[in-house]
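Encoded as structure tokens, the structure appears first; notes follow it.
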Amino acid sequence: MADISLHAVTKRFGDNEVLHPLDVAIGDGEFVVMVGPSGCGKSTLLRIIAGLEEATTGEVRIGGRRVNEVEPKDRNIAMVFQNYALYPHMSVRDNMAYGLKIRKLPSAEIDARVERAAGILELGPYLARKPRELSGGQRQRVAMGRAIVREPAAFLFDEPLSNLDAKLRVQMRLEIQKLHRSLGTTSVFVTHDQVEAMTLADRMLVMNAGTVEQVGAPLTVYDDPASTFVAGFIGSPAMNLVPGRRVGDGVEVGSGLEFPLPEALRSTARAAVTVGVRPEHLVVSSAGSVAGPALAFRVDSVESLGADSLLHGSAAGASFVVRVDGHQAPQPGASLTLSPKPGRVYFFDTPSGRRLAG
Amino acid sequence: MEKRVVFRSSWLPYLLVAPQIAITVVFFFWPAFQAVFYSFFLQDAFGTQSQFVGLANFAELFRSESYLNSIRVTAVFSTLVTVMGLAVALALAVAADGILRGALAYKTLLIWPYAVASAVAGVLFAFLFAPSVGIISYVLRGMGVDWNWVLRGEQAMLLVVIATVWKQISYNFLFFLAGLQAIPRSLIEAAAIDGAGPVRRFWTIVFPLLSPTTFFLLVVNIVHAFFDTFGVIDATTQGGPAGATQILVYKVYYDGVKAADLGGSSAQSVVLMAIVIALTVVQFRYIERRVQY
Ligand SMILES: Nc1ncnc2c1ncn2[C@@H]1O[C@H](COP(=O)(O)OP(=O)(O)O)[C@@H](O)[C@H]1O
Ligand SMILES: [Mg+2]
């Protein structure tokens, strides 16, 4: 087991800098999820840790040792690929044993490790099969098994669940969680799916266009997004982000809807401020009883998800999405009064997208 | 949905395939039939009289020291051509797969030899290696090698093998390169992380995954060495010296045309036909199923 750290790492492909100077520290035994939209450089970062790509500048350390010049095979890490990368001409058993044979472990030890991993992953009956004779979920398990038997210092996962159907994905998510609890191996998990990030991470690292936007525990990031990008990316459905104007001690959005600025932010807020409220933080109230801002909301359409319903509509000319109980959804065309939960309105500097801080 | 084209008139489809059928009949079935026919007859030296002899021509063939020698020569020749052709082409394809810059120029250069006719390749190498004037012979002599393939059988064999391999490499190279590029990069990366160095990755991952390509090329190259190398031999050694490069195909021509032994030559053709049919069956049987992995 080991900690992993990146210091001022950049990556350039030709003239295209896909990773801007990055500093990342991953603790021993921690499960860190790197999450961000496609093309933001997650895989590249993971491959730099694995040694499959070279960092253009900066330093990578695993277990305190500088590994920039170390071959992938000598970094003592295991990686699970999105397409699983199983060796198609080898049986499940041989796929798992491959790395151990190369490391010249005694064959009794190899068998023991393979059997143990097969037991954990319920692959016992399939050890003699070839990968093409397995279902997607089983292949995924073999890929995990190949990583586990190595007993490496760290696991690297590159979107390992994105080729599975929705149900299997949930199941594998739970299994990965369980596995990490029992093995406690340092893990770096890359995904574009914020639900995976929220559910798996001890800490998550939200990436955007080659930079790290925010690092933190999932709930911290959800509660305190550092930028409009993070606010919009983490949480589903996404946070309502409405551009507004500074007026006196508040921010006006649409035509005359005013959100009062907390005292601490009044000195930092400039002319253009974006107001953010999560759909689940807008509550339906009766007119007149509202202390803070009251939104006169008109429902345009209703999406029923079962437990919840999403109301799409507008207040004072600005669009909002609101989440309500599935059985208490109004009809399209209805008018409601909404108020944000106290302390759940976020203010961002519009030009930079950064959260306003007191 | 009916995927086949349906013709309304009954004779049009036959008319459309008639040229192909005619060509096959005139240039393949008729000579093949004739070869089988003549293989049962003995002709006199002037070609005026012929006499039915049953299987005597075949019996004669397998007693003849020169025919048995030709079988040995063919075995050596086709083994060398196939093994060298595949090995060199695979090495070049692995190199080409690895490089990014200048890859196109490199590939184009390697593909050119395929556009050269066998006989031209033969003449080219005959000149390069000509004992008295060839530039390579000059270099070899400079290095103290007694180079004279006109007199030395093993050198003559080496020459025809090199000329054939040179021409065949392009074809093998293209297939190997395509095969290599079809192997997902992540497999190689997974093996690298699993601890395999480049050599082990090649032998445990790349080479097994290339086996369908390798098997296909193996059959194609054997067939080529057996049947398509007349031009190279004729342009260089003409089977000599003393039959050292007289492969079966060349002997058919030599005995039939030069020595006017029509019956013996026909019997040899029939044997060759049996071999090519056997190879084709092997190819279809295994290529259809692919090599299993
Ligand atoms: N080998 C490469 N050559 C050139 N550009 C690349 C290469 N690999 C990735 N990129 C570019 O780097 C950026 C980040 O890619 P990647 O790390 O795969 O993103 P992600 O995994 O977040 O979807 C993309 O714009 C991609 O086009
Ligand atoms: Mg990726």
query = If you check every pair at least six apart or on different chains, which have Cβ atoms under 7 Å apart with a residue in the stretch A:190-210 that is of a type in the set (Ser, Thr, Tyr) first and a residue that is assigned to a helix (DSSP H, G or I) and surrounded by fewer than 21 Cβ atoms within 10 Å (Cβ to Cβ) second?
reply = A:Thr199/A:Arg173
key: Set B:Thr48, B:Thr24, B:Thr74: member being more than 23 Å from B:Leu174 (Cα to Cα), exposed (fewer than 13 other Cβ atoms within 10 Å of the Cβ) and at pLDDT 85 or above   = B:Thr24
key: The lone exception for A:Leu134 - which of (1) within 16 Å of ligand 1 (Cβ to nearest atom); (2) farther than 22 Å from A:Lys42 by Cβ it fails   = (1)
query = Of the residues that make up the stretch B:165-175, is at least one of a type in the set (Lys, Arg) and within 23 Å of B:Thr280 (Cα to Cα)?
reply = yes
ask   = A:Met239 is checked against (1) closer than 23 Å to A:Gly358 by Cβ; (2) free of Cβ contacts under 8 Å to residues at least 60 places away in the same chain and fails just one. What number does that condition carry?
value = (2)
task = Kindly indicate whether any position in the stretch B:171-190 is surrounded by 21 or more Cβ atoms within 10 Å (Cβ to Cβ), within 14 Å of chain A (Cβ to nearest Cβ) and without any contact (Cβ under 8 Å) to a residue 12 or more places away in the chain.
result = yes
task = Among what's in the stretch A:112-135 and is more than 17 Å from A:Lys101 (Cβ to Cβ) and of a type in the set (Asp, Glu), pick the residue that is modelled with the highest pLDDT.
result = A:Glu133
ask   = Quick one: how many residues across the stretch A:96-141 are more than 14 Å from chain B (Cβ to nearest Cβ), part of a helix (DSSP H, G or I) and of a type in the set (Asp, Glu)?
value = 3
query = Which one is nearest to ligand 1 (Cβ to nearest atom), of the residues in the stretch A:48-81 that are more than 11 Å from chain B (Cβ to nearest Cβ) and among the small types (Gly, Ala, Ser)?
reply = A:Ala55
request  = Restricting attention to the stretch A:135-184, report how many residues are over 19 Å from the mean Cα position of the chain (by Cα) and of a type in the set (Ser, Thr, Tyr).
outcome  = 2
request  = Could you please give the count of residues in the stretch A:185-244 that are among the small types (Gly, Ala, Ser), assigned to a loop (DSSP other than H, G, I, E, B) and either within 16 Å of ligand 1 (Cβ to nearest atom) or within 14 Å of chain B (Cβ to nearest Cβ) (or both)?
outcome  = 2
ask   = Got a number for residues in the stretch B:188-212 being under 30 Å from B:Arg285 (Cα atoms) and in contact with a helix residue (DSSP H, G or I) (Cβ under 6 Å, 6 or more places away or on another chain)?
value = 3
remark   = Within the stretch B:196-219, residues being buried (at least 20 other Cβ atoms within 10 Å of the Cβ) and more than 14 Å from chain A (Cβ to nearest Cβ) number 1
Positions within the stretch A:1-47 being more than 14 Å from every other protein chain (Cβ to nearest Cβ), assigned to a strand (DSSP E or B) and near ligand 1 (Cβ under 10 Å from one of its atoms), in sequence order = A:Lys11, A:Arg12, A:Asn16, A:Glu17, A:Val18, A:Leu19, A:Met34, A:Val35
query = Residue check: is A:Ile176 in contact with a helix residue (DSSP H, G or I) (Cβ under 7 Å, 6 or more places away or on another chain), surrounded by 17 or more Cβ atoms within 10 Å (Cβ to Cβ), more than 11 Å from chain B (Cβ to nearest Cβ) and under 25 Å from A:Leu46 (Cβ atoms)?
reply = yes
ask   = Which one of these does A:Glu258 not meet: (1) at pLDDT 95 or above; (2) farther than 30 Å from A:Ala55 by Cβ?
value = (1)
key: Given (1) in contact (Cβ under 8 Å) with a residue 60 or more places away in the chain; (2) under 30 Å from B:Thr74 (Cβ atoms), index of the condition B:Asp97 fails   = (2)
request  = Determine which single condition A:Val230 fails, assuming it passes every other condition in (1) aliphatic (A, V, I, L, M); (2) farther than 19 Å from A:Thr350 by Cα; (3) free of Cβ contacts under 8 Å to residues at least 40 places away in the same chain.
outcome  = (2)
ask   = A:Ser38: within 16 Å of ligand 2 (Cβ to nearest atom) and either of a type outside the set (D, E, K, R) or not assigned by TED's automatic domain parsing to the domain that holds A:Gly184 (or both), yes or no?
value = yes
note = Across (1) assigned to a helix (DSSP H, G or I); (2) surrounded by 16 or more Cβ atoms within 10 Å (Cβ to Cβ), B:Trp149 clears everything bar (1)
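Residue-wise test of (1) at pLDDT below 90; (2) in a strand (DSSP E or B); (3) buried (at least 16 other Cβ atoms within 10 Å of the Cβ).
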residue	(1), (2), (3)
A:Ala269	yes, no, yes
A:Val273	no, yes, yes
A:Val290	yes, no, no
A:Ala296	yes, yes, no
A:Val321	no, yes, yes
A:Pro330	yes, no, yes
query = Among the listed residues A:Asn83, A:Asn68, which satisfies the condition of being assigned by TED's automatic domain parsing to the domain that holds A:Lys130, within 16 Å of ligand 2 (Cβ to nearest atom) and surrounded by fewer than 18 Cβ atoms within 10 Å (Cβ to Cβ)?
reply = A:Asn83
inquiry  = It is to be established whether one or more residues within the stretch B:152-169 are at pLDDT below 85 and outside any helix (DSSP H, G or I).
reply    = yes
key: Residue list for the stretch A:152-167, restricted to those being within 13 Å of chain B (Cβ to nearest Cβ), more than 16 Å from ligand 2 (Cβ to nearest atom) and part of a loop (DSSP other than H, G, I, E, B)   = A:Pro152, A:Ala153
Failed item, numbered, when A:Leu86 is tested on (1) touching a residue at least 60 places away in the same chain (Cβ under 8 Å); (2) more than 29 Å from the chain's Cα centre (by Cα) = (2)
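The values are calculated or read from the model by the stated rules, or taken from the named source; none is laboratory data. Everything numeric here is computed off the predicted structure, so don't read it as measured data. Quick reminder, even Gly has a Cβ in these numbers, built from the backbone with ideal geometry, and neighbours come from all protein chains shown.
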